[in-house]
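Below is one structure, written out as structure tokens; comments come after it.
The values are calculated or read from the model by the stated rules, or taken from the named source; none is laboratory data. None of these values were measured; they are calculated from a predicted model. Every residue, glycine as well, gets a Cβ built from its backbone with ideal geometry; the counts of neighbours run over all protein chains shown. Areas reflect the complete protein model, heavy atoms only, side chains present, ligands, DNA and RNA absent. Shrake-Rupley method; radii C 1.70, N 1.55, O 1.52, S 1.80 Å.
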Amino acid sequence: MNKIYINKKWIRLIAIPLLVIGITNAQSEAERPNVILIMTDDQGWGDTGYNGHPHLKTPNLDRMSREGVRFDRFYSAAAMCSPTRGSVYTGRNPYRFGITFAMKGRLEETEIPITSVVKEAGYTTGHFGKWHLGTLSRTKGDQSRWGAFEEDPVRYYCPPWERDVDQSFVTESKVPTWDPLLHPGQIITRPTDGASVAGLKGSSYGNDYFVGEGQIETENMEGDDSRIIMDRAIPFIQKAVDRERSFFAVIWFHTPHSPVVGGDKYRAMYKEHPEDTQHYYACVTAMDEQVGRLRSTLSELGVADNTMLWFCSDNGPARQGSPRHVGSPGHLSGYKLSIQEGGIRVPGLLVWPDQIKKPITISEPCVTSDYFPTILSSLGIDLPNDRIYDGINLWPLIKGESNERTKPIGFLNKEAAEAVWMGSRYKLVSTPKGDQLFDIIEDPAERADLSASLPSLTQAMKHQLILWKTGVLAELDSIP
């Protein structure tokens with residue numbers, strides 16, 4: 001069934017090809033690739049072996065970087081979790097539909113989630129791990145939530161099973177990265193650190209895994225959270241293959257978001273490091289192990305070659321609230337919540353053996369909003385044509401048909417008080433303190449402000465940024 005909007009509500013119509021223009025030209029089911037979107041939570045650009053981390057063991061991510069596309073300037077659409085996740089599902093800047101911060105906003109009914117488009121094209125869809133795009137329960141206070149979600153859980157009720165996701169295994173927000181249902185206890189080393197996690201060890205953490213409305217999972221919930229998530233994702237994939245169905249799977253790990261807890265087996269790999277560092281490195285390596293497990297399963301099922309597997313993080317490494325936040329932005333400046341490079345540039349990878357025969361490195365800026373148009377292009381489906389998309393189709397860059405991004409990337413932060421306009425070379429940063437211009441190719445650490453020496457370029461980019469920002473905020477203001 002196809003969908004149109006009347007008074008901002010979904011109206012389902014039978015056999016009227018309105019929104020998904022070009023679906024009749026889509027590839028046959030046998031030709032269509034499977035799609036998997038992996039995302040980690042607060043993993044920094046430097047938190048991989050292939051990006052030069054001196055200690056972290058990430059052999060499976062490193063292998064992906066050697067076999068497929070390595071994006072050296074891959075960006076999360078925002079400097080924090082929920083907004084970036086919204087960009088993945090919509091191809092649009094998250095401020096357009098009200099997800100401007102964690103626990104704020106949802107996938108509004110006026111948005112077209114990518115799951116709706118691919119499901120209409122015949123895919124079976126699943127989402128496993130973190131959701132963070134709305135509340136999973138209308139009951140106030142039954143989750144470890146705060147902000148808008150706590151104030152009005154009914155208004156922000158938006159579970160994946162109401163956004164065309166066939167199978168769900170999801171949490172509303174964060175959980176410990178080991179024994180996810182149990183409180184790890186207080187994590188603190190010095191009084192000045194503040195208690196990032198205060199509570200009784202072994203008590204209920206307060207965030208459940210939901211598989212449907214009012215349905216929570218309690219079995220097989222011990223140990224590494226990434227393994228627990230993959231234990232649900234793999235059977236979904238196996239079932240789809242058995243039924244000869246193309247599948248679209250979103251796997252969003254909590255690792256390495258706080259509470260950062262590593263298992264003894266993985267901590268032992270880093271025994272020469274301080275305890276807090278052990279926990280961080282351990283949960284990242286445990287997650288990497290699950291990436292390898294997934295790829296092995298795809299090979300065993302005979303679908304690895306025709307599966308498009310993407311990997312990224314939702315923002316840069318955290319520094320607030322926990323002594324275990326030891327993630328690395330690499331050679332970049334800034335961390336999570338910052339629009340400096342370290343807050344928004346993240347690891348980015350793609351493998352698809354049928355189409356990507358040799359390793360490719362892309363140095364042009366790419367962003368999580370690009371997933372939507374790129375994936376739809378791969379399926380022979382045109383973008384719904386009734387809205388503005390901030391993402392672009394990356395295939396011309398990947399195939400070598402183009403060597404430059406076709407339009408800049410806009411970022412908004414701190415309720416739009418801060419903004420960025422990112423081109424292929426130059427990055428304009430606009431804050432209440434003024435405007436700065438950086439040559440990101442020559443100066444990725446953003447040390448030399450060029451706005452005074454390149455005033456014409458600064459003014460031109462500022463004009464473009466204002467036009468874009470005005471349009472985005474106009475959409476934001478229209479949300480009831």
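Which number in (1) outside any helix (DSSP H, G or I); (2) under 20 Å from Lys174 (Cα atoms) marks the one condition that Val88 misses?
Only one criterion in (1) outside any helix (DSSP H, G or I); (2) under 20 Å from Lys174 (Cα atoms) is unmet by Val88, namely (1).
Among the residues that make up the range 320-327, is at least one of them open to solvent by less than 30 Å² (accessible area, probe 1.4 Å) and among the basic types (Lys, Arg)?
To start, the set of residues in the range 320-327 that are open to solvent by less than 30 Å² (accessible area, probe 1.4 Å) comprises 322-325, 327.
Restricting the remaining residues to those that are among the basic types (Lys, Arg) gives 324.
Yes, because at least one residue in the range 320-327 is open to solvent by less than 30 Å² (accessible area, probe 1.4 Å) and among the basic types (Lys, Arg).
So, in the range 139-193, of the ones that are among the small types (Gly, Ala, Ser) and farther than 20 Å from Val250 by Cβ, which residue ends up least open to solvent (accessible area, probe 1.4 Å)? Talk me through it step by step, then tell me what you get.
As a first pass, look at the range 139-193 and keep what is among the small types (Gly, Ala, Ser): 141, 144, 147-148, 168, 173, 185.
Remaining after also requiring farther than 20 Å from Val250 by Cβ: 141, 144, 147-148, 185.
Values: Gly141: 46, Ser144: 45, Gly147: 28, Ala148: 19, Gly185: 4 Å².
My answer is Gly185.
Please name all residue pairs, on different chains or six or more residues apart, with Cβ atoms under 9 Å, provided the first residue is in the range 425-443 and is of a type in the set (Ser, Thr, Tyr) and open to solvent by 20 Å² or more (accessible area, probe 1.4 Å) and the second residue is part of a loop (DSSP other than H, G, I, E, B) and modelled with pLDDT of 95 or more.
Here the result reads Tyr426/Ile440; Tyr426/Ile441; Tyr426/Leu450; Tyr426/Leu454; Thr431/Ile339; Thr431/Lys414; Thr431/Ala417, each pair linking the range 425-443 to a residue that is part of a loop (DSSP other than H, G, I, E, B) and modelled with pLDDT of 95 or more.
Which ones in the range 284-332 are assigned to a loop (DSSP other than H, G, I, E, B) and in contact with a Gly (Cβ under 6 Å, 6 or more places away or on another chain)?
Gly316, Pro317, Gly327, Ser328, Pro329, Gly330, Leu332
Go through (1) touching a Pro at 6+ places or on another chain (Cβ under 9 Å); (2) polar (S, T, N, Q); (3) open to solvent by 10 Å² or more (accessible area, probe 1.4 Å) and name the single condition Ser313 misses.
(3)
Within the range 275-297, which residues are free of Cβ contacts under 8 Å to residues at least 40 places away in the same chain, under 12 Å from Leu56 (Cα atoms) and open to solvent by 10 Å² or more (accessible area, probe 1.4 Å)?
Gln278, the sole residue that qualifies.
Looking at (1) part of a loop (DSSP other than H, G, I, E, B); (2) surrounded by fewer than 24 Cβ atoms within 10 Å (Cβ to Cβ), which one does Arg70 not meet, given that it meets all the others?
Exception for Arg70: condition (1).
Taking the condition of being within 19 Å of Val367 (Cα to Cα), open to solvent by less than 40 Å² (accessible area, probe 1.4 Å) and in a loop (DSSP other than H, G, I, E, B), how many residues in the range 380-401 meet it?
Counting residues in the range 380-401 that are within 19 Å of Val367 (Cα to Cα), open to solvent by less than 40 Å² (accessible area, probe 1.4 Å) and in a loop (DSSP other than H, G, I, E, B) gives 5.
In the range 89-138, which residues are of a type in the set (A, V, I, L, M) and surrounded by fewer than 23 Cβ atoms within 10 Å (Cβ to Cβ)? Before you say what the answer is, go through the steps one by one.
Just the residues of the range 89-138 that are of a type in the set (A, V, I, L, M), to begin with: 99, 102-103, 107, 112, 114, 117-118, 121, 133, 136.
Once the filter is applied, which keeps residues that are of a type in the set (A, V, I, L, M) and surrounded by fewer than 23 Cβ atoms within 10 Å (Cβ to Cβ), the range 89-138 yields Ala102, Met103, Ala121.
Quick one: which residue in Pro347, Pro373 is within 18 Å of Gly52 (Cα to Cα) and of a type outside the set (Phe, Trp, Tyr)? Outline the logic, then answer.
Details: Pro373 fails: within 18 Å of Gly52 (Cα to Cα).
One residue alone meets the criteria, Pro347.
With (1) in contact with a Cys (Cβ under 7 Å, 6 or more places away or on another chain); (2) within 30 Å of Val241 (Cβ to Cβ); (3) not hydrophobic (A, V, I, L, M, F, W, C) as the list, and Asn34 as the residue in question, which single condition is left unmet?
(1)
Looking only at the range 315-335, count how many residues are under 18 Å from Tyr281 (Cα atoms), of a type outside the set (Phe, Trp, Tyr) and out of contact with any Phe, Trp or Tyr (no Cβ under 6 Å at 6 or more places or on another chain).
So the count comes out to 9.
Looking only at the range 333-373, how many residues end up being crowded, with 22+ Cβ neighbours inside 10 Å and touching a helix residue (DSSP H, G or I) at 6+ places or on another chain (Cβ under 8 Å)?
Number satisfying all stated conditions: 12.
If a residue has to be in a loop (DSSP other than H, G, I, E, B) and touching a residue at least 60 places away in the same chain (Cβ under 8 Å) to count, how many in the range 356-379 make the cut?
6
I'm trying to understand the selection: among the residues of the range 444-458, which are open to solvent by less than 60 Å² (accessible area, probe 1.4 Å) and either under 26 Å from the mean Cα position of the chain (by Cα) or small (Gly, Ala, Ser) (or both)?
Pro444, Ala445, Glu446, Ala448, Ser451
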